[in-house]
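Take a look at the structure below.
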Amino acid sequence: MQQILVVDDEIGIRELLSEILSDEGYQVRLAENASSARAFRSGTRPDLVLLDIWMPDTDGITLLKEWAAAGLLTMPVVMMSGHGTIDTAVEATRIGAYDFLEKPIALQKLLATVGRALKHGGEQARSALSLASLGRTPLIVELKQRLERVMNLRTPLLLTGEPGCGLELAARFLHQRNTPWVAPDGASGLAEAPLELLNQARDGTLFLREVAELNRIEQKGLLLAVSKLERYNVRLVSGASTDLAELVAQGSFDSRLYSVLASATIRVPSLREHREDVPDIANLTLLRMMEAKETPPRQFSTAALNALRNYDWPGNIAQLESVVRTLALTCSQEQIPVEEVSRALPQPAASVPFTHHLALDMPLRDARDAFERAYFEYHIAREGGNISRVAESVGLERTHLYRKLKQLGIRLARKSDNGEAA
């Protein structure tokens, strides 16, 4: 049974909403003020919150901000007010509210909004971390401020950073709620039907995860799409974990496309640059797994959190989430000890020496390919051909890793039934 938390200081409204929603088959919980709602959320994730804006102790907007900052805004929240303004509704939506209902609330509108919000919440519960959960260190605060300054611009934005550092989280932070979000897994659409991508993203956001990997035909398609952004009212956000300026200098990336994409550029820091946030991110990831009932109650020991914070995280946020999930699912104790963390973190192996000697009298691009080939061969040997561990060690998604290995002409051993190299 889906659970709805109703937060309103007026007892008549609480009881009326409780009666209506209970008759519809929902489990209803009531909170008379922000303090009660705060206490309830600290121990339980409801499927939906109906939150009044004007309350005597803390207003609903402030409570919404608190939940967003703490990474607890993992359920849809519908704001309610008898005398709200457009500005208030816009602010609530920007913070993370799903919708806004004006009192007195018509029965059909209430039920329709609740139904849509709960459907959205089912998807939200399975989603990854948000930018708000990346931490509170000055580096992340500054990143959020930079993103806020370009939030209302419609010009293309380029996000740069290491693989797994959270480029998509930053892009989603800019995305306007209740508008299309299009983030294709591959780039074939740019080559085959770039305008169809724009049509899918009309009035919303088109996010391209890694533009540095686009081939010439895909770059040409993107250049065409960029020229039509205004017609389709689409905000283009691109990610790049490779220096595009260097690719332009090498002749492998279109200089005209680079000029358009890089007109506004924001760098997303690596996780090791704000390692003080690692314990909070780890705890939040664990909390979300427990709320989704993916794992029984778990908590990290202090020593375990310190070990996570002191690790360098070459795979950044993606690697941290993977390690936390592994620990939560495989640890036999409620408290995850430091020994389990040490076993889960990739350890340097001295048994596979790096013996490649690279010639220096070759063009830069050839030298880079030679180094990358030796680099990946080293990691494949070190991990015994286990591609999952190689991807985690080098900080690449498996699909990107396979593409890179194919590009470098590195052949993998025959795969066994479990998908790893045999």
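Overview of values
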read-out	value
Boolean, P314 is under 26 Å from R209 (Cβ atoms) and either surrounded by fewer than 13 Cβ atoms within 10 Å (Cβ to Cβ) or in contact with a Gly (Cβ under 6 Å, 6 or more places away or on another chain) (or both)	yes
Top-ranked residue of segment 177-236 - restricted to ones that are in a helix (DSSP H, G or I) and under 30 Å from M75 (Cα atoms), ranked as least open to solvent (accessible area, probe 1.4 Å)	L198
Single unsatisfied condition, A171 versus (1) in a helix (DSSP H, G or I); (2) open to solvent by 20 Å² or more (accessible area, probe 1.4 Å); (3) among the small types (G, A, S)	(2)
Residue among A282, A307 that alone is in contact (Cβ under 8 Å) with a residue 40 or more places away in the chain, of a type in the set (A, V, I, L, M, F, W, C) and assigned to a helix (DSSP H, G or I)	A282
Selection count, segment 259-281, where residues are open to solvent by 70 Å² or more (accessible area, probe 1.4 Å), closer than 17 Å to L222 by Cα and at pLDDT 95 or above	1
Breaking point among (1) part of a helix (DSSP H, G or I); (2) in contact with a strand residue (DSSP E or B) (Cβ under 9 Å, 6 or more places away or on another chain); (3) modelled with pLDDT of 90 or more; (4) crowded, with 18+ Cβ neighbours inside 10 Å, for L158	(1)
Residue count, segment 310-350 (criterion: among the aromatic types (F, W, Y) and part of a strand (DSSP E or B))	0
Failed criterion for R116 (all others in (1) more than 30 Å from the chain's Cα centre (by Cα); (2) surrounded by fewer than 18 Cβ atoms within 10 Å (Cβ to Cβ) hold)	(1)
Matching entry among V49, V7 (being of a type in the set (A, V, I, L, M), out of contact with any Gly (no Cβ under 9 Å at 6 or more places or on another chain) and in contact (Cβ under 8 Å) with a residue 24 or more places away in the chain)	V49
T85 vs. criteria of a type in the set (S, T, N, Q) and closer than 30 Å to L147 by Cα	yes
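The values are calculated or read from the model by the stated rules, or taken from the named source; none is laboratory data. Bear in mind that the values here come from a model prediction, so they are computed numbers and not experimental data. Counting neighbours? That spans all protein chains shown, and the Cβs are built from the backbone with ideal geometry, glycine included. All accessible areas refer to the heavy atoms of the entire protein, side chains included, with ligands and DNA or RNA removed. Shrake-Rupley method; radii C 1.70, N 1.55, O 1.52, S 1.80 Å.
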